[in-house]
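What follows is one structure encoded as structure tokens, with my remarks underneath.
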Amino acid sequence: MRDEPMQDRELDILLDAALATYSNPEPSPGLTPRILAATQAVDRHPPVRWMAWAIPALAAVLFITIVLIHRPTTPRAPSQQVPELSASRRPAPSPPAASRHSVVETPRHLRPPQTVITRSIPTVVPMSPSLPRQDVFPTPIPLGREEQALVALVNRDSPDSKELAQQITQPDAQVRPLPIEPLRIAAIHIPPLNSPDNGDN
Amino acid sequence: MVNKDVAEFEALVARQSHFVFRVAYAILRNRHDAEDAVQETFLKLYRNHTWKAIENERAFLARTAWRVAVDRLPKQQPTDVELDHEPLSLTPSPEQQAISAGLHSTIHRIIDTLPEELRQPLVLSAMDELNSREVALILDLPEGTVRTRIMRARQMLKQKLATTMEKPYAR
């Protein structure tokens with residue numbers, strides 16, 4: 001068995017000797033000239049500082065350009081949307097079923113040119129702040145082409161259309177208010193609670 | 001940069017590159033990595049012009065090199081080494097003298113297995129150019145903490161060495 005302090009002292013010596021050689025290797029020859037050459041290269045090609053902001057700016061410009069190019073360029077026809085909106089906002093006279101039937105039976109050569117109405121989702125168009133404030137809300141919208149054609153059709157000389165026009169323009173004379181008679185309610189008789197028939201407990 | 005400054009910087013590189021290399025090598029334990037770290041260290045100083053106003057030149061360079069080297073240090077720590085030498089005895093004998101050339105490298109490998117928080121103060125303090133106050137400055141630690149860590153590192157190393165050397169006697 002070795003002496004404990006002796007072994008500890010020898011281990012210290014061994015450790016110190018090993019630590020002394022732990023980080024003493026020589027660098028490969030030419031390290032200093034390489035460092036100086038690298039610094040001279042930095043002087044010749046200084047770091048391009050404007051690239052720090054130029055590259056993101058260029059990327060942003062490219063992104064905006066791509067977005068603008070791929071944006072849908074076909075504008076929506078306003079004549080197809082206005083009747084939808086006007087019909088929903090303005091109380092228009094709805095033709096009865098009979099008149100609709102008569103419209104269908106009108107000869108083709110008398111019909112106005114038909115246009116295909118495509119139902120579109122009403123889009124909320126942000127109003128420009130420069131537009132004047134309107135007195136009536138919602139703003140009355142003039143009749144569209146289809147609505148004008150419908151009014152012209154109703155005003156033609158066919159008997160059904162005349163009847164329809166009268167129904168629209170004049171109030172129905174046959175509809176009269178019913179006479180209201182006063183209500184008569186029979187008297188209610190309530191027997192008293194302490195009558196002799198009801199025995200108290 | 002003015003010619004005078006260039007000359008001063010070249011003198012600084014010539015004066016301290018070896019020392020900076022030793023600091024980087026103590027951390028990285030690889031010659032090529034250490035040389036790259038030295039180059040990066042001096043390039044940083046050159047770009048930032050910080051080398052012009054250095055008070056403690058060695059400590060400042062060692063701290064910069066240590067930061068660069070630690071950034072390059074692999075995250076995975078080395079595990080316990082498998083010693084490929086025969087069990088060692090402190091009693092000098094011709095046989096052990098024959099293998100003494102490999103003894104230091106074996107201890108180096110044991111040092112490499114230490115935790116970095118213990119290994120770095122130990123190896124930096126082993127450099128003659130750095131005292132414990134400068135090591136504390138480099139590692140940004142209190143001097144007492146550095147001393148404690150060095151002591152713990154030495155104790156761990158001695159325990160590992162004693163275990164390694166006493167194995168034949170334990171049989």
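If you go through the stretch A:9-29, how many residues are surrounded by 13 or more Cβ atoms within 10 Å (Cβ to Cβ) and part of a loop (DSSP other than H, G, I, E, B)? Matching residues across the stretch A:9-29 total 6. No other residue among B:Leu141, B:Leu130, B:Leu124 is within 14 Å of another protein chain (Cβ to nearest Cβ) and outside any helix (DSSP H, G or I) apart from B:Leu130. Restricting the first member to the stretch A:26-41 and to residues that are within 7 Å of chain B (Cβ to nearest Cβ), and the second to residues that are at pLDDT below 80, the beta-carbon pairs closer than 9 Å and six or more apart or on different chains are A:Thr39/B:Met1.
Only one entry in B:Lys4, B:Lys52, B:Lys44 is within 12 Å of chain A (Cβ to nearest Cβ), part of a helix (DSSP H, G or I) and closer than 19 Å to A:Thr39 by Cα, namely B:Lys44.
Screening the stretch B:102-121 for residues that are more than 9 Å from every other protein chain (Cβ to nearest Cβ) and either among the hydroxyl-bearing types (Ser, Thr, Tyr) or closer than 28 Å to B:Glu55 by Cβ (or both) and picking the one that is surrounded by the fewest Cβ atoms within 10 Å (Cβ to Cβ) gives B:Glu116. When the residues of the stretch B:17-29 are filtered to those that are within 14 Å of B:Met127 (Cα to Cα) and more than 7 Å from every other protein chain (Cβ to nearest Cβ), the one that is surrounded by the fewest Cβ atoms within 10 Å (Cβ to Cβ) is B:Phe19. Of all residues in the stretch B:7-32, those being part of a helix (DSSP H, G or I) and either of a type outside the set (A, V, I, L, M) or farther than 25 Å from A:Asn24 by Cβ (or both) number 14. Taking each residue of the stretch B:41-55 that is surrounded by fewer than 14 Cβ atoms within 10 Å (Cβ to Cβ) and looking for partners that are at pLDDT below 80 and not charged (D, E, K, R) with beta-carbon atoms closer than 9 Å, six or more apart or interchain, yields B:Arg47/A:Val42; B:Arg47/A:Pro47; B:His49/B:Met1.
The values are calculated or read from the model by the stated rules, or taken from the named source; none is laboratory data. This is a predicted model, so every value here is computed, not measured. Heads up, the Cβs are rebuilt from the backbone with ideal geometry, glycines too, and the neighbour counts pull from every protein chain shown.
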